[in-house]
Amino acid sequence: MSRTGVITRVMRTSFLLCLFCIVAAGSLFAADPDPSQATKETPFVNSLGMKFVPVPIEGGPTGRQRLIFSVWVTRVQDYEAFAKETNRDWRTPDFSQGPTDPAVNVSWDDAQSFCQWLNAHEQAARLLPAEWGYRLPSDHEWSCAAGIGDREDAAKLPVEKSGKIDGAFPWGNQWPPPKGAGNYAGEEMRPAVAAGKYGYTKDVIAGYEDGFVNTSPVGSFAANRFGLFDTGGNVWQWCEDWLNKRQIDHVLRGASWGDYERRRLLLSHRYQSTPGGRAPTFGFRCVLAISGVKRPLGDVAAVEPKAPAAPAAPAVSGAPKSPSHAPAPAAKSPPPSKQIEPFLEPALNAILAPLGENPQMPRIPVEKLRASLGAGVVTAKTPAQQRIYQCAIAVCDALTNGMDERAQARAAAIASGLLPSISTGGSIVKTAPLRGWDAGHAGDAIRQKQKDEREYADKQAKDVSNFADSAAYKAWVAKTTILRDNAMDLYSKLVQFEAADSLAEGAR
């Protein structure tokens with residue numbers, strides 16, 4: 001080859017290499033994906049490979065807000081990344097799972113922690129716009145995603161709506177379900193059920209078979225009209241809401257691989273468990289939303305946005321809508337100190353109350369509040385507001401740490417036999433009518449009864465004294481007193497931070 005040919009070949013190769021680099025650079029440094037642009041055909045994909053698509057929400061506190069749902073329930077590979085990075089203890093089920101099976105044995109508390117971790121992880125890496133955040137769907141949002149939200153009253157409690165829409169299943173209205181309807185307890189589970197392997201599954205759906213004895217990989221069955229998989233079957237999915245006014249159990253929706261009863265497979269059926277409850281049939285699905293910011297859903301909205309209260313000028317055809325058409329902002333929530341206030345005294349009392357009483361009483365509402373305050377850090381607009389929410393979270397942590405210390409002290413006291421009886425109930429001597437010969441010895445019986453009661457009272461006082469003098473009790477009192485003082489100091493600082501921010505806001 002001539003020298004000219006060699007030079008030409010080198011130049012051509014260099015040009016192709018430069019072109020390749022330009023294309024590669026364009027793909028590497030392209031603009032970050034925008035959740036607000038997600039569609040069913042082009043979902044938003046996060047750092048874990050979870051895909052999110054828009055779902056129109058009508059009614060309820062988040063009606064007409066921009067909201068995108070994960071097309072899958074959270075997978076083993078997603079939750080495993082969180083568990084490994086946070087050193088979280090995660091008990092796997094007694095059956096094998098693949099990386100794309102749904103994560104199970106996950107409590108409501110676990111799901112909240114996952115969402116908080118994912119928010120922090122992607123915000124720190126600048127992979128998520130600051131105003132967006134991951135969370136669990138509300139009960140009404142889940143109904144909208146399942147296609148029955150317009151048939152339920154968003155203002156009612158979940159327990160009041162459970163099972164009220166008869167004949168509405170993920171696949172339609174027929175029973176039993178048709179082939180490929182979803183992962184439920186079908187004929188393939190009959191040998192395991194007969195052997196009593198799964199105590200929570202007593203029977204199967206006669207004549208139905210889905211091919212999976214336990215969980216199935218997400219996406220194994222058809223998606224619904226919004227592009228969401230497993231809105232029925234595979235695993236129960238945690239929602240944000242309490243089931244009822246008692247606020248003991250949270251809601252789960254969708255049924256699981258272990259369910260066979262017709263009523264449980266209804267889209268409107270609600271199941272429930274405590275925030276710490278775990279089961280091999282429990283999982284969760286995340287949503288991604290703009291906290292506190294309302295945006296019309298555009299092409300995915302079921303109806304047009306409501307007209308503004310004030311009359312607007314006629315719009316010019318083809319012209320962009322005026323900002324006056326935007327919905328009014330949501331009502332301002334109370335400052336974090338006011339949100340903490342109702343739980344402050346009960347939590348402090350629980351830390352210092354007698355050990356015989358329940359040390360976990362206020363913990364659930366405090367942890368729920370902490371989760372909502374975490375979302376406030378994400379949506380805070382200024383460094384001062386971020387500091388306020390972080391201080392509020394620290395107050396909640398100090399309170400729950402105090403309750404943890406108390407629970408540990410109680411366990412140690414029980415183990416060492418130091419915990420005194422807190423019974424102040426009546427006589428320890430059984431009282432019975434005195435008849436016949438016993439009646440003549442009534443005085444002796446009464447005197448013996450009084451003697452036994454004095455001995456019992458003396459022993460109880462001695463037990464209390466021994467426990468009060470024990471090193472374990474004294475260490476616990478010292479530690480919880482410090483924790484209580486820390487919580488009060490943090491709360492005082494929180495009030496000061498809020499006052500300073502309020503003054504600064506007024507000056508602006």
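The values are calculated or read from the model by the stated rules, or taken from the named source; none is laboratory data. Since we're looking at a predicted model, the values are computed, not measured. We place every Cβ from the backbone using ideal geometry, glycine too, and count neighbours over all the protein chains shown. When the accessible area is computed, the model is the full protein with side chains, heavy atoms only, and any ligands, DNA or RNA have been set aside. Shrake-Rupley method; radii C 1.70, N 1.55, O 1.52, S 1.80 Å.
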In region 181-201, the residues that are exposed (fewer than 12 other Cβ atoms within 10 Å of the Cβ) and either touching a Leu at 6+ places or on another chain (Cβ under 9 Å) or part of a loop (DSSP other than H, G, I, E, B) (or both): ALA195, GLY196, GLY199, TYR200
Tally, over region 30-87, of residues that are of a type in the set (Ser, Thr, Tyr), assigned to a loop (DSSP other than H, G, I, E, B) and more than 20 Å from the chain's Cα centre (by Cα): 3
Odd one out for ALA124, checked against (1) touching a strand residue (DSSP E or B) at 6+ places or on another chain (Cβ under 9 Å); (2) free of Cβ contacts under 8 Å to residues at least 24 places away in the same chain: (1)
Residues (surrounded by 15 or more Cβ atoms within 10 Å (Cβ to Cβ) and out of contact with any Phe, Trp or Tyr (no Cβ under 9 Å at 6 or more places or on another chain)) located in region 147-158: ILE148, GLU152, ALA154
ALA130 being among the small types (Gly, Ala, Ser), modelled with pLDDT under 90 and out of contact with any Gly (no Cβ under 6 Å at 6 or more places or on another chain): yes
Residue among LEU228, LEU288 that is open to solvent by less than 30 Å² (accessible area, probe 1.4 Å), of a type in the set (A, V, I, L, M), under 20 Å from GLY49 (Cα atoms) and part of a strand (DSSP E or B): LEU288
Residue in region 134-146 that is surrounded by the fewest Cβ atoms within 10 Å (Cβ to Cβ), counting only those that are of a type in the set (Ser, Thr, Tyr) and touching a strand residue (DSSP E or B) at 6+ places or on another chain (Cβ under 6 Å): SER138
Selection count, region 159-175, where residues are open to solvent by 20 Å² or more (accessible area, probe 1.4 Å) and assigned to a strand (DSSP E or B): 1
Pairs with Cβ under 8 Å, 6+ apart, first in region 163-181 and touching a residue at least 12 places away in the same chain (Cβ under 8 Å), second of a type in the set (A, V, I, L, M) and loosely packed, with under 15 Cβ neighbours inside 10 Å: PRO176/ALA206; GLY180/ALA222
Lone unmet requirement of (1) assigned to a loop (DSSP other than H, G, I, E, B); (2) aromatic (Phe, Trp, Tyr); (3) touching a helix residue (DSSP H, G or I) at 6+ places or on another chain (Cβ under 8 Å) for TYR134: (1)
Selection status of SER324, at pLDDT below 75, assigned to a helix (DSSP H, G or I) and over 24 Å from GLN123 (Cα atoms): yes
Subset of region 234-269 that is in a loop (DSSP other than H, G, I, E, B) and touching an Asp or Glu at 6+ places or on another chain (Cβ under 6 Å) - its residue that is most open to solvent (accessible area, probe 1.4 Å): TYR260
Conditions (1) assigned to a loop (DSSP other than H, G, I, E, B); (2) open to solvent by 10 Å² or more (accessible area, probe 1.4 Å); (3) not small (Gly, Ala, Ser): number failed by ASN105: (2)
